[in-house]
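The values are calculated or read from the model by the stated rules, or taken from the named source; none is laboratory data. The structure displayed is predicted, hence computed values, not measured ones. Cβ sites come from the backbone with ideal geometry, for glycine too, and all protein chains shown count toward neighbours.
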Amino acid sequence: MNTYRVGFIGCGGIAGAHAAGYRAVQNAQIDFVAGADVNASSDRVKRFVERYGVKLYTDYREMLAKEQFDLVSVCTWPRTHCEGTIAAAEHGAKGIMSEKPMAVNLDEADRMIEACTKAGTTLAIGHEHRFDPQSVRAKELLRQGEIGRLTLAWGHCGADLMNNGTHVIDLINYFNDDVEPVWAMGQVDRRRKLEGRGNHPDMVIEDMAVGRVGYKNGVTALIELGEWAHPAYQFHLIGTDGIIDVNMPNAPTLKVLSSFRHVGWTAPDLPQVDVMRAELEELIDAVEGRAVHRSSAQRGRAALETIMGIFESTYRRALIEFPVTIRDFPLERMIKEGLL
């Protein structure tokens, strides 16, 4: 069993979740080495350092220059994901787990992929819900034809597109076998002029977003985020012969209604899974050549491209065809131009 030296760029709450996941992995020995955080005096960072015994830096570039890492978790706010990932790859990391959203625009995402490809680094994006047992079982049921042919995937959540919206879109992509999208239409509202959330304070955000996306295989997705969306992080997978509901609040997390069974709604038994552990074990498997990570950089980019398509459709007031060619962040552009 190989030993992996682990470093953290950002030592806040999500870094703690990553560290707990690393501690639980079964396919490697883990050695926590160091972490970097600009808020070194904060209680949260102090607790992280004390709990996991890492050496603390205030500059991640200094940390990367002085320490050697096999794995690096990028756990900072979205605008720093790109440069942190590139720096970790250039300093020899074998694997990187970068938090979602992958980046703030497609130019940054492509730079991340290019740097990691050049360095031979495996890059995965923190879309850990692909490892949720209800998500995995729903995908199995879809492949088995339990509800016939999937026609519509409807996902909703109370947060914004660049926050939990990236999870919503990524999981729809997962259910649909990561088939490429061909078009997107969107609309957003920003009446409250909010400037970020607690976990993404460096981002401008919208109050409400609605997107409709068409895929090459004929599946359509409906994506609703924000103040007037249903607040639950939930999915309704509608097929020609039934429905699968995923993440039902205050109910079984997976329910199935199939015309083939004639028994009404059923709730399959699901295993207990430490999704962060599973996500990081698959990163190690990918580094060692045993797997392709299900949350690969290319799939993280696909979720980001759909978000950019929804925003750009709002800007143009028109359907957007894929591939999306804009390289900036359309929501920020609309705000600067006084459109939102």
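Quick rundown of the values:
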| read-out | value |
| --- | --- |
| Residue selected from segment 230-251 under the condition buried (at least 16 other Cβ atoms within 10 Å of the Cβ) and more than 17 Å from His129 (Cβ to Cβ), by the criterion farthest from the chain's Cα centre (by Cα) | Gly242 |
| Index of the failed condition, Arg191 passing every other in (1) assigned to a loop (DSSP other than H, G, I, E, B); (2) in contact with a Cys (Cβ under 7 Å, 6 or more places away or on another chain) | (2) |
| Output for segment 61-75, where each listed residue is crowded, with 19+ Cβ neighbours inside 10 Å and out of contact with any helix residue (DSSP H, G or I) (no Cβ under 6 Å at 6 or more places or on another chain) | Met63, Phe69, Asp70, Leu71 |
| Flag for Val204 being out of contact with any Cys (no Cβ under 7 Å at 6 or more places or on another chain), assigned by TED's automatic domain parsing to the domain that holds Ser135 and not in a strand (DSSP E or B) | yes |
| Gly264 vs. criteria in the same structural domain as Asp31 (by TED's automatic domain parsing), more than 18 Å from Arg137 (Cβ to Cβ) and surrounded by fewer than 18 Cβ atoms within 10 Å (Cβ to Cβ) | no |
| Selection from segment 160-190 of residues that are charged (D, E, K, R) and under 12 Å from Ile205 (Cβ atoms) | Asp160, Asp189, Arg190 |
| One residue from Gly12, Gly92, Gly53 being in contact with a helix residue (DSSP H, G or I) (Cβ under 8 Å, 6 or more places away or on another chain) and either buried (at least 21 other Cβ atoms within 10 Å of the Cβ) or free of Cβ contacts under 8 Å to residues at least 40 places away in the same chain (or both) | Gly92 |
| Those residues of segment 95-152 which are of a type in the set (S, T, N, Q), over 19 Å from Ala303 (Cα atoms) and either surrounded by 19 or more Cβ atoms within 10 Å (Cβ to Cβ) or in the same structural domain as Asn217 (by TED's automatic domain parsing) (or both), in sequence order | Thr121, Gln134, Gln144, Thr151 |
| Condition check for Val204: at negative phi and modelled with pLDDT under 95 | yes |
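Each row is one residue, and each column tells you yes or no for (1) among the hydrophobic types (A, V, I, L, M, F, W, C); (2) in a loop (DSSP other than H, G, I, E, B); (3) under 21 Å from the mean Cα position of the chain (by Cα).
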| position | (1), (2), (3) |
| --- | --- |
| Ile14 | yes, no, yes |
| His18 | no, no, yes |
| Ala34 | yes, no, no |
| Val38 | yes, yes, no |
